[in-house]
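All remarks here apply to the structure that follows.
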Amino acid sequence: MGDWIAFWDSQHSIYVNGRHRDVHYRTIAQDIRADVPADASVLDYGCGEALHADLIAAPARRLILCEAAPLVRAALAARFAGQAKIEVRAPEEVAALPPASLDVVVLHSVAQYLTGDELDGLLARFRRLLAPNGLFILGDVIPPNVSAATDALALLRFGAANGFFTAAVIGLARTVLSDYWRLRSHLGLTRYSEDEIITKLKCAGFSARRAPKNIGHNPARMTFLAQ
């Protein structure tokens, strides 16, 4: 995971332009918000830049943004400094939160960068932190049959729908020569079938089901709702 954290903390070019970056985070925030009940205490773990976290915070009582990458975390703290509902925390601070203190925990587009044991450790932590009727949202899980070509096609469709198609084509060509592609080729991405994730969540003490739609722009990936 350390290599991936260093990548996300660098000046990477995973977003093809500012428009892509903005719509990417807005889409994720809107999708997450749909599952956030009023007055909930919410944790978004591995949130990235979370440009539109205010959309998630709007119905919530409290939103904790947790990010392991130090520079990204500092930028988050600066961006949301004036918003009383939003807190920015490091993973070790989240680990120290009281049991049953959260109503919703989100882990979106993170599982693919973790080993199975690392994910198990986080699931145990989230199970401890969630209230008895709390909701765990596990998003953007990659099935074994979803290839890089499928991801590329999803990006092109997202770009066509949101005004950055040409930039997406250029960005995909640039990605092949990028640190992201080098890491993805060297380390790989962790993939799970639907049954594997349901079983993993059950072993961690959750009752889970696959959501009808994945969070974000890639419909070939999966989101799970667990309690």
Environment charge at I56 (Cβ cut-off 14 Å; Lys +1, Arg +1, Asp -1, Glu -1): -2
Surrounding net charge for V104, when Lys and Arg each add one and Asp and Glu each subtract one, Cβ distance under 10 Å: -3
Leading residue at positive end of dipole, the stretch 1-136 (Cβ point charges), from V42, C66, L55: L55
For the stretch 2-128, size of Cβ-based charge dipole, Lys and Arg +1, Asp and Glu -1, in debye: 360 debye
Accessible solvent surface per residue of the stretch 105-227, calculated while the other protein chains remain in place, 1.4 angstrom probe, Å²: 48 Å²
Alpha carbon convex hull of the stretch 122-197, projected area averaged over orientations, nm²: 7.5 nm²
Helix 18-33 axis, angle to the chain major axis (alpha carbon atoms, nearest 10°): 30 degrees
Cα long-axis angle, helix 70-79 against the chain (0 to 90 degrees, to the nearest 10): 80 degrees
Highest to lowest packing among 112-119, 215-222, scored as the average C-beta count within 10 Å: 215-222, 112-119
Placed amide H near V88: partners under 5 Å, 5+ positions off or other chain: L65
Neighbour net charge for V23 - beta-carbon separation under 15 angstrom, K R +1, D E -1: +1
Dipole in debye (nearest 20) - the chain, about Cα centre, beta carbon charges: Lys, Arg +1; Asp, Glu -1: 400 debye
Charge dipole magnitude, Cβ of K and R +1, D and E -1 - the stretch 156-227, Cα centre, debye nearest 20: 60 debye
Antiparallel DSSP beta bridges within the chain, percent to nearest 5: 30 percent
Surface/4 estimate of mean projected area, convex hull on alpha-carbon atoms of the chain, nm²: 11.5 nm²
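The values are calculated or read from the model by the stated rules, or taken from the named source; none is laboratory data. Just so you know, these numbers come straight off a predicted model, no measurement behind them. When we count neighbours, we look across all protein chains shown, and the Cβ atoms used for this are built from the backbone with ideal geometry, even at glycine. Note: areas computed on protein heavy atoms with side chains; ligands, DNA, RNA excluded. Shrake-Rupley method; radii C 1.70, N 1.55, O 1.52, S 1.80 Å.
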